[in-house]
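A quick write-up on the structure given underneath.
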Amino acid sequence: MYWFLTTEVVQPTQSLSLKIVDKVAEREGVQPEDLNPPIHNAINTDALDSLYEARDSERNPSTIEFVYNGYTVTVDSTGDVDLENRVAALDPEKTAV
């Protein structure tokens, strides 16, 4: 007699802050770990992630907007992320296309 055990690996959903980092890195054409400065210099990532981890979606803010790595990042109430190019006055290497 044979017994087969199966396991199902459940991947946790990606945090919102990592989702933002991935989108910015993709737009910049670099690996996420190569982004500089790190996202936590722009926003408190623990607070951001906890706002959107709530099981009650009615508690999510309507929108959050902040500047990160030359982009205006907008997150809506569903957690969808939108990036808009932004010319950073203090960073001459960033230009709008």
Inset, instruction - May I ask you to verify whether Asn69 is modelled with pLDDT under 95, out of contact with any Cys (no Cβ under 6 Å at 6 or more places or on another chain), open to solvent by less than 30 Å² (accessible area, probe 1.4 Å) and farther than 20 Å from Glu84 by Cα? - result: no
Legend entry - Within the range 41-63, considering residues that are touching a strand residue (DSSP E or B) at 6+ places or on another chain (Cβ under 6 Å) and over 17 Å from Gln14 (Cβ atoms), the one modelled with the lowest pLDDT: Thr63
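The values are calculated or read from the model by the stated rules, or taken from the named source; none is laboratory data. None of the values given here were measured: they were computed from a predicted structure. Cβ sites come from the backbone with ideal geometry, for glycine too, and all protein chains shown count toward neighbours. In case anyone asks, the SASA skips ligands and DNA or RNA and just uses the protein heavy atoms, side chains included. Shrake-Rupley method; radii C 1.70, N 1.55, O 1.52, S 1.80 Å.
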